[in-house]
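Notes follow once the structure below has been shown.
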Amino acid sequence: MKALIIFLCFSFQLVTFAQEEMKHEVYFETDQFDIPETEHSRLLLFLSKIENMDIEKISIYGFCDDRGSDSYNLVLSQQRADAIREVFSNNEFDESVITNVDGKGKILVNIIKERDLNKIRGLNRKVEIIVKPYNPPREVVEVKPPKETTEDKLKGELKEGDKILLENLLFRTGYSYLTKQSKAVLDKIADILVERKDVYFNIEGHVCCTNGERDAIDRKTKKRNLSLARAKAVYDYLAEKGVKRYRMKFVGHRRKFPLGGEPQFDRRVELVVTRVFDSKSSD
C-alpha cells in the first residue's frame, strides 16, 4: 500500500510539472482589426508568461460575429489574426514556431450559452492564440564559450574594424534595460575601456525575430527602436563608469544582421573599433 501511495504521488508530480497548452483570447470592436489598448496590454502580459517556454508551435485563429457576409468575415478574421502575429514579431518572438495564422470567419450565435446577443457577439469578435510547448521540454544545448573572451580581446591588440561581441549580455524579450547580470558583465568591460584610452568604438545594438529588417518595439517606451535603445543603454552605463563619451557612439541595426542561430543570441550588442591611437598620445 505504501508503495502504491508513493507511485501515485510521483505520478501527480509528473502531471503537475508537465507543460500543457496555453490559450489566450484577444477581443475586438465591431468591424475592427486594430487591437484595443486594454486587449493589447493583456496580450503583452500573456507574452511575458510564455517568453521563457520551450515552444513547439503557436496557432493564431481569427473570428468574427455572425453579422456581415461570409467573404467579409473571412477577410476581417484574417486581418485580426495577422494583427496578433505582428505583435509577436514586434516583441521578438521567433516566428518560425507560429505554424498557423488563419481567419476562420464568423462564429454562429448559438455556440456560446448566453442570452445577451450583444455580449455573445462581443465574445465572438476575437483571436484565439494556442501555445503548445514541448512536453517534456527539450534538452538545453550548452553553448561553449569562445577560447578568447570579450575581456581578452579588449586587452589584446586591436585594429580599426574589429568587431567584439559583448558575451553574456543578453536582454529580456522586448526590453532594453540592463539586468543585474548584465551590469556585472559591463563592469569588467568598463574597467578595461577606462584604461584603454587609445580605442574609439561604436556600440551596435541588434534585435531578433522581426519581419524583414524592421526594428522591434521597446515595451517600456512603446517605440520601434529597441536595437538603438539597447545600444544606448550600454553607452550610458559605460559613460557612468568613466569611459569618455567622445570615444563612443551608439547605433541600432534593427534586424539587418541575424547570426543564423538561436533567436536569443540575435538580441545582442557588439563593439566595433573605429579608431586606435598611440596610447602615449591619447587623452
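Here is a check on your reading of the model: is Glu204 crowded, with 22+ Cβ neighbours inside 10 Å and outside the structural domain of Asn52 (by TED's automatic domain parsing)? Spell out how you get there, then give the answer.
Values: crowded, with 22+ Cβ neighbours inside 10 Å: yes; outside the structural domain of Asn52 (by TED's automatic domain parsing): yes.
Judged against the criteria, Glu204 is a match.
Looking at (1) surrounded by 14 or more Cβ atoms within 10 Å (Cβ to Cβ); (2) at pLDDT 95 or above, can you tell me which one Glu29 breaks?
(1)
Check whether at least one residue in the range 79-86 is touching a strand residue (DSSP E or B) at 6+ places or on another chain (Cβ under 6 Å), assigned to a strand (DSSP E or B) and under 27 Å from Pro263 (Cα atoms), and report yes or no.
For the range 79-86, residues touching a strand residue (DSSP E or B) at 6+ places or on another chain (Cβ under 6 Å), assigned to a strand (DSSP E or B) and under 27 Å from Pro263 (Cα atoms): absent.
Go through (1) part of a loop (DSSP other than H, G, I, E, B); (2) over 25 Å from Val97 (Cα atoms); (3) in contact (Cβ under 8 Å) with a residue 60 or more places away in the chain one by one and return the number of the condition Tyr177 breaks.
(3)
Test of understanding: among Ser89, Ser96, which residue is among the hydroxyl-bearing types (Ser, Thr, Tyr), out of contact with any strand residue (DSSP E or B) (no Cβ under 6 Å at 6 or more places or on another chain), in a helix (DSSP H, G or I) and surrounded by 15 or more Cβ atoms within 10 Å (Cβ to Cβ)?
Answer to the check: Ser89.
Report yes if some residue within the range 54-65 is out of contact with any Lys or Arg (no Cβ under 6 Å at 6 or more places or on another chain), touching a residue at least 24 places away in the same chain (Cβ under 8 Å) and surrounded by fewer than 17 Cβ atoms within 10 Å (Cβ to Cβ); otherwise report no.
No, the range 54-65 contains no residue that is out of contact with any Lys or Arg (no Cβ under 6 Å at 6 or more places or on another chain), touching a residue at least 24 places away in the same chain (Cβ under 8 Å) and surrounded by fewer than 17 Cβ atoms within 10 Å (Cβ to Cβ).
Mind checking which residues of the range 256-267 are at pLDDT below 90 and of a type outside the set (Phe, Trp, Tyr)?
Scanning the range 256-267 gives Pro258, Leu259, Gly260, Gly261, Glu262, Pro263, Gln264, Asp266, Arg267.
Residues checked against (1) modelled with pLDDT under 90; (2) under 26 Å from His253 (Cβ atoms); (3) surrounded by 12 or more Cβ atoms within 10 Å (Cβ to Cβ):
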{"position": "Leu117", "(1), (2), (3)": "yes, no, no"}
{"position": "Arg125", "(1), (2), (3)": "no, no, yes"}
{"position": "Pro137", "(1), (2), (3)": "yes, no, yes"}
{"position": "Glu142", "(1), (2), (3)": "yes, no, no"}
{"position": "Pro145", "(1), (2), (3)": "yes, yes, no"}
{"position": "Ser182", "(1), (2), (3)": "yes, yes, yes"}
{"position": "Asp191", "(1), (2), (3)": "no, no, yes"}
{"position": "Arg196", "(1), (2), (3)": "no, yes, yes"}
{"position": "Tyr200", "(1), (2), (3)": "no, yes, yes"}
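If I ask for residues that are farther than 21 Å from Ile192 by Cβ, in contact (Cβ under 8 Å) with a residue 12 or more places away in the chain and assigned to a loop (DSSP other than H, G, I, E, B), which ones from the range 222-254 would you list?
Within the range 222-254, Arg224, Asn225, His253, Arg254 qualify.
For the range 265-281, which residues satisfy the criterion of being surrounded by 15 or more Cβ atoms within 10 Å (Cβ to Cβ) and outside any strand (DSSP E or B)?
Quick first cut of the range 265-281, residues surrounded by 15 or more Cβ atoms within 10 Å (Cβ to Cβ) only: 265-274, 276.
Phe265, Asp266, Arg267, Arg268, listed by residue number.
Is it fair to say Lys249 is more than 21 Å from Arg172 (Cβ to Cβ), assigned by TED's automatic domain parsing to the domain that holds Lys163 and loosely packed, with under 15 Cβ neighbours inside 10 Å?
For Lys249, the condition - more than 21 Å from Arg172 (Cβ to Cβ), assigned by TED's automatic domain parsing to the domain that holds Lys163 and loosely packed, with under 15 Cβ neighbours inside 10 Å - is not met.
Kindly list the number of the only condition in (1) surrounded by 14 or more Cβ atoms within 10 Å (Cβ to Cβ); (2) in contact (Cβ under 8 Å) with a residue 40 or more places away in the chain that fails for Arg42.
(2)
Within the range 268-283, work out how many residues are modelled with pLDDT of 90 or more and farther than 18 Å from Leu228 by Cβ.
Adding up the residues that qualify gives 3.
Would it be correct to say that Ala239 is closer than 28 Å to Glu157 by Cβ and not charged (D, E, K, R)?
Criteria met by Ala239.
The values are calculated or read from the model by the stated rules, or taken from the named source; none is laboratory data. Remember, predicted model here, so these are calculated numbers, not experimental data. Because the Cβ atoms are built from the backbone with ideal geometry, glycine has one as well, and the counts that use them run over all protein chains shown.
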